[in-house]
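Asks: One structure, as structure tokens, below. Some questions next.
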Amino acid sequence: MNKKPLILGIESSCDETAASLITENEQGNPIVLSSIISSQEDVHKEFGGVVPELAARSHIEKIDLIVQKAIKKSGKSINDIDAVASTAGPGLIVCLSVGLSFGKAFACAIEKPFIAVNHLEGHALSPKINSKINYPYLLLLISGGHSQFLNVKGIGNYKRLGTTIDDALGEAFDKTAKLLGIDFPGGPQIEILAEKGNPKKYDLPKPIFNKGGCNLSFAGLKTAVLKISKKIKTEQERYDLAASFQKTIEDILYKKTKIAFEEFEKQENLNEKIFVVAGGVAANKKIRSMLIDLAKKSNYKSIFPPIELCGDNAAMIAMVGLEKFKLKQFNDLDYPAKPRWPLDKDAAFLKGAGVKI
Ligand code: KG4
Ligand code: ZN
């Protein structure tokens with residue numbers, strides 16, 4: 001019996017310090033032996049957003065402890081590890097450098113291969129941890145830093161179908177939460193407030209709803225929320241604004257996902273239609289159920305990562321490490337941190353004023 005690969009994954013691209021050990025069973029299905037995540041919410045709360053310098057310091061303070069914990073929890077020893085995979089980008093460079101340098105040093109010390117992982121590829125492959133998924137599949141990645149539709153053709157092989165031209169969806173949730181007086185990171189609180197409100201109370205804009213294919217835009221929505229939030233007097237009006245925001249996002253994602261289905265089908269000759277949703281916002285229960293219904297209606301099988309693997313974690317980084325290990329895709333120890341690292345390097349940069357879509 002061949003030894004199954006044991007991969008240590010490390011994540012430090014933003015405000016989560018995380019480590020995980022992954023292996024696979026006899027059937028080749030991944031098994032998460034440990035996944036330790038230390039969030040820095042308390043560090044950044046008073047500033048209303050992530051402060052890069054403080055985030056990096058916190059990663060430095062905790063990284064060895066988190067990795068030790070992950071190894072201990074896995075029941076394995078350091079000598080059993082076959083490769084070390086660290087997030088190399090995209091993200092905050094001062095934060096990336098911590099996990100990347102730690103991972104390289106660790107791999108060097110145990111004399112095992114090092115694998116540099118794209119954080120977005122981690123999100124893209126995160127549902128493969130608990131579901132068998134064949135390529136190609138359509139991915140909607142909705143996180144705090146990115147919002148994209150991608151044709152996932154294989155490991156390292158992506159074709160972007162659509163992207164946000166301004167804010168990421170998680171960012172729009174967090175900014176709306178801030179305007180409603182909710183502490184950072186408030187995104188997850190919106191859907192809780194929304195349950196008590198009337199989604200029809202405020203008519204919010206849906207930027208580029210009827211143009212731009214499956215590209216997305218949320219900046220105008222944020223401005224509208226800002227204006228209304230200044231006039232809000234009662235608690236009920238707060239709930240109504242949260243509910244109207246949540247409903248507007250659902251409407252936008254419904255329409256844009258339908259377009260993405262059409263574009264994906266134009267690109268691929270499909271035997272089975274698979275729709276994967278990943279990233280922090282994929283934890284939003286109402287968005288999940290709306291997308292599950294839409295997928296069903298459109299004959300797609302929808303797959304989500306487990307809720308605990310929607311946000312940033314190292315199991316998804318180790319998962320990419322596992323796939324790359326099997327393909328012997330290793331990296332040198334001078335691999336740089338990459339603050340910007342698109343999955344589809346041929347896709348046009350679509351951000352900022354004057355963008356043509
Ligand atoms: O994937 P993630 O952990 O980090 C990035 O790679 O960006 O995503 C974090 C984002 C935050 O903006 C957070 O507010 C949002 O995901 N988020 C949610 C929910 N849970 C997390 N947004 C809406 N509803 C939720 N339940
Ligand atoms: Zn992320």
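Asks: How much of the accessible area of the stretch 14-108, in percent, comes from carbon and sulfur atoms when a 1.4 Å probe is used?
Replies: 54
Asks: Compute the Rg to Rh ratio over the stretch 1-69 from the alpha carbon atoms, using the Kirkwood formula for Rh, and round to two decimal places.
Replies: Ratio of gyration radius to Kirkwood radius: 1.14.
Asks: Using helices alone, what [θ] at 222 nm do you get for the chain, with -39,500 (n - 2.57) per DSSP H run of 4 or more residues, divided over all residues and rounded to the nearest 500?
Replies: When only DSSP H runs of four or more count, the value is -13000 deg cm²/dmol.
Asks: Which whole-angstrom value gives the distance between the alpha carbon centres of the stretch 268-325 and the stretch 327-344?
Replies: About 23 Å separates the Cα centre of the stretch 268-325 from the one of the stretch 327-344.
Asks: With a point put 7 Å past each Cα toward its Cβ, work out how far Phe47 is from Lys211 in nm, to one decimal.
Replies: Going from the Phe47 label point to the Lys211 one covers 3.8 nm.
Asks: Further question: If the only charges are +1 at each Lys and Arg Cβ and -1 at each Asp and Glu Cβ, what is the size of the charge dipole of the stretch 134-304 around the Cα centre, to the nearest 20 debye?
Replies: Values: 28 positive and 19 negative charges, 62 e Å.
It works out to roughly 300 debye.
Asks: How large is log10 I(q)/I(0) at q = 0.08, 0.11, 0.12, 0.17 Å⁻¹ when the Debye formula is applied to the Cα atoms of the stretch 134-304, each weighted equally and without solvent?
Replies: Cα-only, vacuum Debye calculation for the stretch 134-304: -0.24, -0.44, -0.52, -0.98.
Asks: Which of Pro305, Met316, Ile31 sits farthest toward the positive end of the charge dipole of the chain, with +1 on the Cβ of Lys and Arg and -1 on the Cβ of Asp and Glu?
Replies: Pro305
Asks: Using only Cα atoms, locate the centre of the stretch 236-252 and the centre of the stretch 63-93, then give the distance between them in Å, rounded to an integer.
Replies: Distance between centres, Cα-based: 40 Å.
Asks: Where in the stretch 123-145 does the label zone of Asn25 land, with the point 7 angstrom along Cα→C-beta and an amide N cut-off under 16 Å?
Replies: Those under the cut-off are 128-133.
Asks: Can you compute 3J(HN,Hα) from phi for each residue in the stretch 2-13, using the Karplus curve 6.51 cos²θ - 1.76 cosθ + 1.60 with θ = phi - 60°, rounded to whole Hz and x for Gly and Pro?
Replies: Coupling constants for the stretch 2-13: 5, 5, 6, x, 10, 10, 9, x, 10, 10, 8, 6 Hz.
Asks: Something else: Would you kindly derive the ³J(HN,Hα) couplings of the stretch 44-55 from the backbone phi angles with the Karplus curve 6.51 cos²θ - 1.76 cosθ + 1.60 (θ = phi - 60°), listing them in order in whole Hz, with x for Gly and Pro?
Replies: Those phi angles translate into 9, 3, 5, 9, x, x, 6, 9, x, 4, 5, 4 Hz.
Asks: Across every pair of different alpha-carbon atoms, what Kirkwood hydrodynamic radius in Å does the chain reach? All intermediate terms of the calculation are to be shown ahead of the outcome.
Replies: On the way: mean 1/r = 0.0479 Å⁻¹.
Evaluated over the chain, this radius sits at 20.9 Å.
Asks: List the residues, sorted by chain then number, that are 5 or more residues from Leu161 or on another chain and whose placed amide H is less than 5 Å from its amide H.
Replies: Result for Leu161 returns Phe149, Leu150, Asn151.
Asks: Ordered by residue, what ³J(HN,Hα) values in Hz, to whole numbers, does the stretch 133-149 give under the Karplus form 6.51 cos²θ - 1.76 cosθ + 1.60, where θ = phi - 60° and Gly and Pro are x?
Replies: For the stretch 133-149, the Karplus-derived couplings read 10, 8, 7, x, 9, 8, 10, 9, 9, 10, 10, x, x, 9, 9, 8, 9 Hz, x marking Gly and Pro.
Asks: Where the eigenvalues come from the Cα gyration tensor of the stretch 147-225, what are the semi-axes √(5λ) of the equivalent ellipsoid, largest first, in whole Å?
Replies: Value: 27, 16, 11 Å, ordered largest first.
Asks: Quick one, what does Rg over Rh come out to for the stretch 39-168 if you take C-alpha atoms and the Kirkwood Rh?
Replies: With Rg and the Kirkwood Rh in hand, the quotient comes to 1.00.
The values are calculated or read from the model by the stated rules, or taken from the named source; none is laboratory data. Keep in mind it's a predicted model, so treat the numbers as computed, not measured. Note: ideal-geometry Cβ built from the backbone for every residue, glycine included; neighbour counts use all protein chains shown. Just the protein is used for accessible areas: all its heavy atoms, side chains included, with ligands, DNA and RNA removed. Shrake-Rupley method; radii C 1.70, N 1.55, O 1.52, S 1.80 Å.
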